[in-house]
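Chemist: Here you go, one structure.
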Amino acid sequence: MQKNRLLWASRRGMLELDLLLQPFVENHYDLLAEDDKQQFHLFLALEDQQLFQWLIQKEQASDSNIQRIVNIIHESRKRSQ
């Protein structure tokens, strides 16, 4: 997926998700391994409410690949602060 399309896909219409996903795409996505990039594309196809629950760590994803993406996003935020 082209970077511009990926940035558009990371705009979710939910401010909390936008604030987490857009900086991740802008600053960290290019550093991901190809497998993680593919998993991130699948991650973006999921429901906003579910993504939000995982990203605020209220729930954990049952799929280990999705949970890996959640963990990568959290780690990227720690490095950016």
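Chemist: I'd like the full set of residues that are assigned to a loop (DSSP other than H, G, I, E, B) and under 12 Å from the mean Cα position of the chain (by Cα), limited to the stretch 15-46.
Modeler: His28, Leu32, Ala45, Leu46 - these are the residues of the stretch 15-46 that are assigned to a loop (DSSP other than H, G, I, E, B) and under 12 Å from the mean Cα position of the chain (by Cα).
Chemist: Report every pair of residues separated by at least 6 positions or lying on different chains whose Cβ atoms are under 7 Å apart, first residue within the stretch 15-41 and among the β-branched types (Val, Ile, Thr), second outside any loop (DSSP other than H, G, I, E, B).
Modeler: Val25/Leu6; Val25/Leu7
Table: residues versus (1) within 23 Å of Lys78 (Cβ to Cβ); (2) at pLDDT below 90.
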site: Asn4; (1), (2): no, yes
site: Ala9; (1), (2): no, no
site: Met14; (1), (2): yes, no
site: Gln22; (1), (2): yes, no
site: Asn27; (1), (2): yes, no
site: Ala33; (1), (2): yes, no
site: Leu44; (1), (2): yes, no
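Chemist: Would you mind finding the one in Asp36, Asp48, Asp63, Asp18 that is among the charged types (D, E, K, R) and exposed (fewer than 13 other Cβ atoms within 10 Å of the Cβ)?
Modeler: Exactly one residue qualifies, and that residue is Asp48.
Chemist: Consider the stretch 2-15. How many of its residues are surrounded by 14 or more Cβ atoms within 10 Å (Cβ to Cβ) and not charged (D, E, K, R)?
Modeler: Here the count works out to 5.
Chemist: From the set of residues in the stretch 47-64 that are among the acidic types (Asp, Glu) and outside any helix (DSSP H, G or I), which is nearest to Arg77 (Cα to Cα)?
Modeler: Glu59
The values are calculated or read from the model by the stated rules, or taken from the named source; none is laboratory data. Since the model is a prediction, treat every value here as computed from it, not as a measurement. Cβ coordinates were reconstructed from backbone atoms using ideal geometry, including for glycine residues, and neighbour counts include every protein chain displayed.
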